[in-house]
Amino acid sequence: MTNQSSLPLEPIDAALEAIRRLDNALSKCGEIKTDALPRRARQAPQLILQAGLVPAIAFFLSKLDSPEKRNAYAAAVKAILEPESNSRDKRICNNTGGEGGGYPHIAALILAYAASQIGCHPNDIERIDSKLLDCLKKIGSKGVYLERLVVSYAEEIKMLATALYGE
């Protein structure tokens, strides 16, 4: 088993664990719309294959264009990589539905897995700053091997998000 702040290497196991952790955190939100999560999850594998892993992550991060979305992203990263420290962070409840929703959570899911595979600390990816850029550089340096793992993981996330949240 892995330590508490990482995800398993195997994409299927990692996707199950990451979605379980995210869903546990979202379940504390009460009644919220989560219709955007499966839409964004469906985009991720194809975007990674077409653009490459780091450009796909950069695209998802570029959609975090407000403090509310950045806070939802930070809370999602924390829920996925540090579930024991996530008491009841309501910031995760934002941007789960609607037209522009889902980006913070999918960015967190994809980046959490990629970062945990190369040893980036959760604090390095929680905020969009130079530490995150350093981690993205390390992710990019791993090349096709890591990209294939993340695509497999993203495919599993897509199926699980659709099963849990509809569409």
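Working only within the range 119-167, note down all residues that are charged (D, E, K, R), part of a loop (DSSP other than H, G, I, E, B), in contact with a Leu (Cβ under 9 Å, 6 or more places away or on another chain) and without any contact (Cβ under 8 Å) to a residue 40 or more places away in the chain.
Hit for the range 119-167 is K142, nothing else.
Considering only the range 30-64, state which residues are more than 23 Å from R91 (Cα to Cα) and either touching a Pro at 6+ places or on another chain (Cβ under 7 Å) or outside any helix (DSSP H, G or I) (or both).
Matches in the range 30-64: G52 only.
Being within 13 Å of the chain's Cα centre (by Cα) and buried (at least 21 other Cβ atoms within 10 Å of the Cβ) is the filter here; which residues of the range 26-52 pass it?
Matches in the range 26-52: L37, P38, R40, A41, A44.
Of these, S141, S116, which one is under 13 Å from the mean Cα position of the chain (by Cα), under 19 Å from A58 (Cα atoms) and not aromatic (F, W, Y)?
S116
Can you tell me which residue within the range 150-165, out of those that are of a type in the set (G, A, S) and surrounded by fewer than 22 Cβ atoms within 10 Å (Cβ to Cβ), is farthest from A51 (Cα to Cα)?
Among those that are of a type in the set (G, A, S) and surrounded by fewer than 22 Cβ atoms within 10 Å (Cβ to Cβ), it is A163.
Do we find a residue being hydrophobic (A, V, I, L, M, F, W, C), crowded, with 16+ Cβ neighbours inside 10 Å and under 17 Å from N24 (Cβ atoms) anywhere in the range 111-131?
Scanning the range 111-131 turns up at least one residue that is hydrophobic (A, V, I, L, M, F, W, C), crowded, with 16+ Cβ neighbours inside 10 Å and under 17 Å from N24 (Cβ atoms).
Bear in mind that the values in this text are calculations on the coordinates, not laboratory data. Please read all numbers here as calculations on a predicted model, not as lab measurements. No Cβ is skipped: glycine too gets one built from the backbone with ideal geometry, and neighbour counts run over all protein chains shown.
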